[in-house]
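The values are calculated or read from the model by the stated rules, or taken from the named source; none is laboratory data. What you see is a predicted model, and the numbers here were worked out from it, not measured in a lab. Neighbour counts run over all protein chains shown; Cβ positions are idealised from the backbone, glycine included. The protein model used for the area step is the full one, side chains on, heavy atoms only, and it has no ligands, DNA or RNA in it. Shrake-Rupley method; radii C 1.70, N 1.55, O 1.52, S 1.80 Å.
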Amino acid sequence: GRSTIPGSYVKEVFTDESVIDKSRTVMIRKNDAGIGWGAVYAQYLEDMDKVSQHGGELSVDKKLYVERMVNNVKQLEPVTAGAALNIGDIVVSRISIRLDRAMDFVQLKDQRGACFEPVDNLSGYRWAAGTGYYVAIKDASTNFFFDSLTKGVYILESRYRVSRSGIYEGGLAVMQSAYAPEFSTHSASVKVNVEK
């Protein structure tokens, strides 16, 4: 029951757990003429290792690989839950993006486990996977910004060096349209075990 000036923007945020736990239906009523746009978002916290891959029109999958020398040939071996890494190992984050339609202004955040340091730590414009994009290297993630993506599949890679021992989350890849946030997706994560 909140009235506004025509053409204005309304945002309501509910953080009271009693309201959130009991509310399963949202009803919105528009009293004036004309077109209206709206969206409802539910946000909650969850342990990263319990998050599964999600996507629809836009989907993203993230796999980690460790570089190993086999018979003097460099190979990529998948990093699986509990698989042991060593300090100094090079890990490749390979992200597969699939779009079922063309989209403009898409953002991708490749979260990094706290044990990973980027090998290439310079931000800038890049060209790979048949498209151009800007890369911003941050403390906990590598962020990709695409002006335009056509329908199809794109594969992006980043290389990291393992810097410390312990058990870590490999991190999620999260992708969203900047101006149509209902188009969003995220990958699953994997636990990373780095031996001393």
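Restricting the range 124-196 to GluC sites (Glu not before Pro) that sit in a DSSP loop and have at most 14 other Cβ atoms within 10 Å of their own Cβ leaves Glu182.
Near Gly132, within a Cβ-to-Cβ distance under 10 Å, what is the net charge of the other residues, with Lys and Arg +1 and Asp and Glu -1? Numbers along the way, then the final one.
Numbers: positive: Arg126; negative: Asp147.
So the environment of Gly132 carries a net charge of 0.
Applying the criteria of a DSSP loop state and at most 15 other Cβ atoms within 10 Å to the chymotrypsin sites (Phe, Trp or Tyr not before Pro) of the range 95-196 yields Tyr179.
Please give me, ordered by residue number, the trypsin sites (Lys or Arg not before Pro) of the range 116-187 that lie in loop per DSSP and have at most 13 other Cβ atoms within 10 Å.
Numbers: sites: Arg126, Lys138, Lys151, Arg159, Arg161, Arg164; in loops: Lys138, Lys151, Arg164.
For trypsin sites (Lys or Arg not before Pro) across the range 116-187 that sit outside H, G, I, E and B with at most 13 neighbouring Cβ atoms in 10 Å, the list reads Lys138, Lys151, Arg164.
A simple count of charges around Gly152, restricted to other residues whose Cβ falls under 12 Å of its Cβ and scoring Lys, Arg +1 and Asp, Glu -1, yields +2.
Taking the protein heavy atoms of the range 95-196 in the context of the full set of protein chains, the accessible area attributed to carbon and sulfur is 51 percent at 1.4 Å. Projecting the Cα atoms of Ile97, Asn86, Leu122 onto the charge dipole of the range 71-127, computed from C-beta unit charges around the Cα centre, puts Ile97 farthest toward the positive end. The figure for Thr150 is an accessible area of roughly 80 square angstrom, using a 1.4 Å probe on the protein chains alone.
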